[in-house]
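The values are calculated or read from the model by the stated rules, or taken from the named source; none is laboratory data. Keep in mind the model is a prediction, meaning the values are calculated, not measured. Neighbour counts are summed over all protein chains in view; Cβ atoms, including those assigned to glycine, are modelled from backbone coordinates with ideal geometry. These accessible areas exclude ligands, DNA and RNA; they are computed on the full protein's heavy atoms, side chains included. Shrake-Rupley method; radii C 1.70, N 1.55, O 1.52, S 1.80 Å.
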Amino acid sequence: MNTGHDADDGPAGDRDQGDDCDDRDVPGALGALGGLDGDAASRLLRLFDGHRLTPVQRRIAHCLAQHAADAPFLSSIEVAELAGVSQPSVTRFAIALGYGGYPGLRRRFRELGARPGPPARPLLEDPVPEDRVPEDRVPEDSAHPDLAPADPDSGRGRATGAGGGYRRAVLAEIENLRALARSLDDPAPVAAAARLLAASRPLPVLGLRAAAAQAAGFAYFAAKVHPDVRLLHEAGSLLADRVEQAAAAGATALLCFALPRYPAELVDALRAARTAGLAVVTVSDRRVPALAGLSHVLLTAAVGTHLVFDTACAPMMLGRVLLEAMCDELPGAQARLEAFEASAAARGVFLID
């Protein structure tokens, strides 16, 4: 019976711990690759464009592009050994790219014309744990040639040399910031969000897992201009308690940072906020229906997915823009800043003024 898997594929039902897929598209070429054959690596990178991959699957893609010259001749077991993952993960990777199994993907590698090269070596010794999956495609336009998105057919875009892939990741992140800048041509959504947040006393700021750092950074700076900021970054039953406590203390709005892979607890927290009568402002990398439906204002900025773990420069910048807009809405914001600076100087808080 033909089940869609060749003998080389291994049991597709076997799963690595944590190797679960999300429903997001991989943008652009995956980076960090210094391949043995730059042209072959670039062709493989384009093959992986626009597919739904987990971080473990991204690692397999990195490994294959790193060893692009050998890819058409490697078995799924050899790829698994090189990437430090299980052989069924390689099978699932091929299926995620639209093939019945790894042999079908390997035939595609051969069609791409990658030539054989020196023996491949493993990239990493230990498996990389999964954290999330990638997001929307990086914009293609750019106003400056040095900051333009990497063109796979150009020398700048090829994954050649030890730092070629890192450069791809940085350029893609720059494009995320450019896309954010274009979106801010219409400042109305940010202004509306700022008015809601500035009026809330206290102001709860929510961020779980990958978004905890974004929430903490925002809360740190917001506390210098807002009289009562409450950081919510611990999941569990206490989270709803803290949302309700903020509402009981007079809060009228909540700011939520939501980044992939979107913890399920966020939905419960936002429902608690809505039940308590709070207006919800969400900063995310894209429109996630489960979160957007609970948000009064949704602001988006793409995360970078060219490395194994996401980069969130654009969401961080969007948070700072939102805070800037809040300063314009907060009475006494400048006076609070000046009072903090005077106190910090008197206490010798910083090494350099």
Inset, instruction - Kindly provide the set of residues from region 58-83 that are part of a loop (DSSP other than H, G, I, E, B), closer than 18 Å to Gly101 by Cβ and among the small types (Gly, Ala, Ser), ordered by number. - result: Ser75
Legend entry - Which listed residue is of a type in the set (Gly, Ala, Ser) and either over 19 Å from Ser284 (Cα atoms) or open to solvent by 60 Å² or more (accessible area, probe 1.4 Å) (or both), from Ala210, Ala249, Ala222, Ala215: Ala249
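For (1) under 20 Å from Phe221 (Cβ atoms); (2) touching a strand residue (DSSP E or B) at 6+ places or on another chain (Cβ under 7 Å); (3) touching a residue at least 24 places away in the same chain (Cβ under 8 Å), each residue gets a yes or a no:
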position	(1), (2), (3)
Arg287	no, yes, no
Ala290	no, no, yes
Thr300	no, yes, yes
Thr305	no, no, yes
Ala335	yes, no, no
Ala344	yes, no, no
Gly348	no, no, no
Legend entry - Scan of region 234-262 for residues that are in a loop (DSSP other than H, G, I, E, B) and either under 19 Å from Leu299 (Cβ atoms) or charged (D, E, K, R) (or both), ordered by number: Glu234, Thr252, Leu259, Pro260, Arg261, Tyr262
Inset, instruction - Tell me which residues, restricted to region 165-202, are part of a loop (DSSP other than H, G, I, E, B) and either within 23 Å of Ala65 (Cα to Cα) or not small (Gly, Ala, Ser) (or both). - result: Leu184, Asp185, Asp186, Pro187, Arg201, Pro202
Inset, instruction - Taking only region 271-295 into account, find how many residues are part of a loop (DSSP other than H, G, I, E, B) and more than 14 Å from Asn176 (Cβ to Cβ). - result: 8
Inset, instruction - Would you mind telling me which numbered condition in (1) at pLDDT 85 or above; (2) open to solvent by less than 10 Å² (accessible area, probe 1.4 Å); (3) farther than 24 Å from Glu173 by Cα Ile77 fails? - result: (2)
Legend entry - Cross-chain or 6+ apart pairs with Cβ under 7 Å, region 47-72 first and open to solvent by less than 10 Å² (accessible area, probe 1.4 Å), then aromatic (Phe, Trp, Tyr) and at pLDDT below 80: Ala61/Phe48
Inset, instruction - Go over the candidates Leu231, Leu206, Leu266 one by one and state the one that is within 26 Å of Cys313 (Cβ to Cβ), touching a helix residue (DSSP H, G or I) at 6+ places or on another chain (Cβ under 7 Å), in a helix (DSSP H, G or I) and not aromatic (Phe, Trp, Tyr). - result: Leu266
Inset, instruction - Filter region 86-99 for residues that are touching a residue at least 24 places away in the same chain (Cβ under 8 Å) and more than 22 Å from the chain's Cα centre (by Cα) and give the result. - result: Ser86, Gln87, Pro88, Val90, Thr91, Ala94, Ile95, Gly98
Inset, instruction - For region 296-337, name all the residues that are in a loop (DSSP other than H, G, I, E, B) and open to solvent by less than 20 Å² (accessible area, probe 1.4 Å). - result: Ala301, Val303, Thr305, His306, Leu330
Inset, instruction - May I ask you to say which residue of Arg168, Arg209, Arg242, Arg178 is among the basic types (Lys, Arg) and on the phi > 0 side of the Ramachandran plot? - result: Arg209
